[in-house]
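The values are calculated or read from the model by the stated rules, or taken from the named source; none is laboratory data. Note that the structure is a prediction, hence the values are computed from the model and not measured. No Cβ is skipped: glycine too gets one built from the backbone with ideal geometry, and neighbour counts run over all protein chains shown.
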Amino acid sequence: MKNTPRRRRAFVILAAGWAALAAACAPDMSQQPKYPPLGPSDFFADGSSARPGVEGTVARGLLRTDEALYTGRVDGELVVRIPVPVTRTLLERGRDRFDIYCSPCHGHLGNGEGVIAMRGFRQPTSYHIDRLREAPDGHFFDVITHGYGVMYGYAARVPADDRWAITAYIRALQRSQAATLQDVPEPEREKLTRPPQ
């Protein structure tokens, strides 16, 4: 009589286990009629089990309604200014992406002296020439997207937001290499002009 509650508990646990196992092995889920992916089908006129997407369907997150943001152009013309707010976060992201995708060829300063050029490959043009300093922001986005010369396009590798971040960072590089003392804020300028102690 002492072991009756213990035996009852063991029986309940064992019965629950068997019930869960029996429910998991229901044949209606594992033996249902189905087609393997891209398998043939006699049901559809085209003979394929895979159905084409509904015309006009756009994958979630890929609706491209902002022409400037996704193409770098408006009415076929390159945008003059970056169509997103240029923040410190954007510039830091741009530096990170630039270091990964661009600096091997363009160098960390954007002067075209990356390791690829050092190894004998064609040296890209420096970002610090007048033609590129005066180019609209959309030019850099367009080149990153479609490529230029021997550079292939990065549209499939770098999302549009990151391409704009890289563009913003290129502009920061250009500004840093052509900066004068007048570009430095007044409190910082005093630190630079103060004689060393």
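Below is a table of values for the structure above.
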quantity: Any helices (runs of 4 or more DSSP H) falling wholly within the range 1-87 and containing at least 2 residues that are at pLDDT below 90 and over 30 Å from Ala165 (Cβ atoms); calculated: 4-24, 27-30
quantity: Count of the range 158-191 residues which are in contact (Cβ under 8 Å) with a residue 40 or more places away in the chain, over 20 Å from Arg73 (Cα atoms) and not in a helix (DSSP H, G or I); calculated: 1
quantity: Selected residue (only one of Arg119, Arg97, Arg88 is within 19 Å of Arg171 (Cα to Cα), surrounded by fewer than 14 Cβ atoms within 10 Å (Cβ to Cβ) and basic (Lys, Arg)); calculated: Arg88
quantity: Residues of the range 174-197 that turn out to be within 22 Å of Pro136 (Cβ to Cβ), of a type outside the set (Lys, Arg) and touching a helix residue (DSSP H, G or I) at 6+ places or on another chain (Cβ under 8 Å), as a count; calculated: 3
quantity: Restricting the range 126-154 to residues that are of a type in the set (A, V, I, L, M, F, W, C) and over 19 Å from Ala165 (Cβ atoms), the residue that is surrounded by the fewest Cβ atoms within 10 Å (Cβ to Cβ); calculated: Val150
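Every residue, every condition in (1) under 23 Å from Gln177 (Cβ atoms); (2) touching a residue at least 24 places away in the same chain (Cβ under 8 Å); (3) hydroxyl-bearing (Ser, Thr, Tyr); (4) part of a loop (DSSP other than H, G, I, E, B), yes or no:
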site	(1), (2), (3), (4)
Pro104	yes, no, no, no
His108	yes, no, no, yes
Ala117	yes, no, no, no
Tyr127	yes, yes, yes, yes
Leu132	yes, yes, no, no
Phe141	yes, yes, no, no
